[in-house]
Every structure is written in C-alpha cells, then in structure tokens.
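The values are calculated or read from the model by the stated rules, or taken from the named source; none is laboratory data. Predicted model only: the values in this text are computed from it and were never measured. Note that we place each Cβ from the backbone using ideal geometry, even for glycine, and neighbour counts take in every protein chain shown.
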Amino acid sequence: MESKSQFQQTEKNEKQHYSKASGKKFYVWAGVLVIIILAIGIFFLQQKNSSNTKNADLGTIQDEELAFEKTRETLQMVSELMNERRENLVYLKEFNNTRERIIKHD
C-alpha cells in the first residue's frame, strides 16, 4: 500500500513537472512566432515605403538649363564666401608679422 501511494505521488510530481515544461515551451514558441510576425510586418512596411520614394519626385530639377543656373548660383555663393574668408586672412597675416616683430625667435 505504501509503495503504491509513493508511486502515485511520484507520478503526480512528474505530471506537474511535465505541465510546467510544456508551458515553458509554449511561451518560447509563442515568442518565436511573435518575432517572425513582426519581422515579416516590418519587411513589408519597408517595401511599401521604398516603392513610394522611388516614384516620388525628390526635388530633382528636370530642366537642364534651370539645373545649370541653380548650380551656377550655388557655386557663386560659395565663391563669395571663400573670398570673404580670404580677406580675413590678410588680417591674420598682419597679426603674425606684428607678433614676429615683438617676439624675436633665436
């Protein structure tokens, strides 16, 4: 009788252990499925967005003459800024000359 109750107790413990293990497996597989579904969703969302940008006009100038004029204006602005900076270098050169006269190097 005693061995029968021990066997039943052991069998009950094994069933509880099995049910806990199967519950853990369920959560693992559920997590894997959620990750796969999210990855597929993100993939299709990015595909949709990339096709929208391929067809969209991104501010590109189609007229060649207008594009040339805009480029010329931009380069002119860059040239003016560089010339302004070069004028400031004259003051820097004068500062260096004065410093050299004050501080004599051996």
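Within the stretch 48-67, is even one residue surrounded by 10 or more Cβ atoms within 10 Å (Cβ to Cβ), modelled with pLDDT of 80 or more and assigned to a helix (DSSP H, G or I)? Checking the stretch 48-67: at least one residue is surrounded by 10 or more Cβ atoms within 10 Å (Cβ to Cβ), modelled with pLDDT of 80 or more and assigned to a helix (DSSP H, G or I). Would you check if Glu14 is at pLDDT below 65, of a type outside the set (Phe, Trp, Tyr), surrounded by 10 or more Cβ atoms within 10 Å (Cβ to Cβ) and part of a helix (DSSP H, G or I)? Yes, satisfied.
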